[in-house]
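The values are calculated or read from the model by the stated rules, or taken from the named source; none is laboratory data. Every value quoted in this text rests on a predicted model; they were computed, and no experiment measured them. Counting neighbours? That spans all protein chains shown, and the Cβs are built from the backbone with ideal geometry, glycine included. All accessible areas refer to the heavy atoms of the entire protein, side chains included, with ligands and DNA or RNA removed. Shrake-Rupley method; radii C 1.70, N 1.55, O 1.52, S 1.80 Å.
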Amino acid sequence: MIDLRSDTLTRPTDAMREAMARAEVGDDVYGEDPTVAALEERVAGMFGHEAALFTPTGSMANVLAVASVVSPGEEVLCDSSAHIARAELGAHGAISGITMRTWTGERGQLDLAAIEAMYAPDMGPFFVRTAAVSVENTHNFAGGAVLPIEDLRALRSWAEANETKVHLDGARLWNAHVATGTPLADYGRVTDVLAVCLSKGLGAPIGSLMVGSADAIAEARVRRKRMGGGMRQVGVLAAAGAYALDHHVERLADDHANARLLGEALGLDPEDIDTNIVVVERPDAASFVERAAADGVRIAAVGPRTVRLVTHLDVSRPDAERAAAVLSRLAGR
Ligand SMILES: *Cc1c(COP(=O)(O)O)cnc(C)c1O
């Protein structure tokens with residue numbers, strides 16, 4: 001089976017497992033796990049921020065990150081198909097007491113005019129105050145779309161002029177970085193707080209980080225424990241993440257090339273595939289997925305008429321070529 005359902009399906013490589021086995025560990029709630037501390041410092045430095053916090057999931061990193069810039073009873077603005085709006089099961093409302101309003105961007109893109117129109121300053125006892133804008137790069141449900149750094153810079157200037165913070169859901173920011181060559185520090189400069197995942201295309205079995213100011217991270221460390229996310233000798237997990245950062249970032253370019261091959265097989269313009277996700281409209285999504293599985297290719301129906309394919313560390317070039325042949329035949333091409 002060639003599994004293209006998600007880039008979360010990767011298994012740690014033998015070399016990664018060796019790095020995990022060798023990791024020095026301690027109780028991280030006591031601040032005594034050197035491998036976790038080193039990973040946090042390294043990732044904060046990559047983005048030019050003061051500090052970072054290791055979390056079990058990207059969802060937890062997002063919940064902590066958004067809560068660091070939006071207080072209960074305030075709102076965050078985001079795209080209508082943002083992961084924080086659709087796929088975190090209401091955590092920002094249920095846990096943090098935060099409300100959201102959304103814009104609908106073409107392919108998950110920023111719409112600064114819509115943001116300006118929605119923005120609500122503090123007006124006392126009348127309207128919910130807009131405390132932050134959240135952006136997602138790359139954009140998952142928009143098919144791995146990249147948000148251009150120029151647009152993020154424009155958002156940043158607007159936000160600074162309007163006392164609004166910027167949160168970046170960077171679960172796949174590594175893919176955007178490799179696809180565009182934009183330095184990670186440039187993304188750090190346009191955001192107050194961000195979240196990144198090690199458990200997607202980078203191939204770690206678990207692990208994400210919230211990145212921000214030292215104060216925000218100190219506060220998030222308390223909130224993480226309150227949520228049951230205080231972890232102990234997790235240097236073994238941080239070591240997998242550090243290994244992934246050393247060995248699995250540049251190779252994301254291979255995933256992007258494989259995704260273009262698959263997109264082309266399905267009749268899409270390869271130019272429209274920014275990174276490692278291919279989203280294609282199929283009137284017969286469920287049966288298309290079933291027929292592909294019967295031919296050894298697992299893909300996902302993410303809507304009644306929408307199919308999604310994701311390339312990753314465990315999909316080689318020959319795998320991608322075989323999957324492309326199967327899919328183009330099923331698509332009648
Ligand atoms: C996967 C993902 C997350 C985090 O998901 P977890 O499963 O909680 O690690 C956050 N944002 C986006 C855009 C994602 O794709």
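Using alpha carbons only, how many angstrom separate the centre of segment 232-310 from the centre of segment 31-80?
Each part's Cα centre sits 25 Å from the other's.
Could you state the per residue volume, in Å³, of the convex hull enclosing the Cα atoms of segment 251-330?
That works out to 76 Å³ per residue.
Send over a whole-number figure in Å² for the accessible area per residue of the chain, probe 1.4 Å.
Dividing the accessible area of the chain by its residue count gives 42 Å².
For the chain, give the share of DSSP beta bridges that are antiparallel, in percent and rounded to the nearest 5; count only bridges with both residues there.
Within the chain, antiparallel bridges account for around 50 percent of the total.
Using the Kyte-Doolittle scale, which helices in the chain average at least 0.5 and also have C-alpha atoms spread 15 Å or more along the helix axis, with helices defined as whole DSSP H runs?
Within the chain the helices that satisfy the rule are 58-69, 235-247.
Compute the Kirkwood hydrodynamic radius of segment 289-333, taking the inverse of the mean of 1/r over all pairs of distinct Cα atoms, and give it in Å to one decimal.
The Cα-based Kirkwood calculation yields 11.1 Å.
Could you give me the percent of Cα pairs per 10 Å distance bin for the chain, shortest bin first, beginning at zero and ending with the bin that holds the maximum distance?
6, 26, 32, 24, 11, 1, 0
How do 69-82, 292-305, 229-242, 24-37 rank on mean C-beta neighbours within 10 Å, highest first?
Averaged packing, sorted descending, gives the order 229-242, 69-82, 24-37, 292-305.
Show me 40-51, 189-200 ranked by packing, highest mean number of other Cβ atoms within 10 Å first.
Sorting 40-51, 189-200 by mean packing, highest first, produces 189-200, 40-51.
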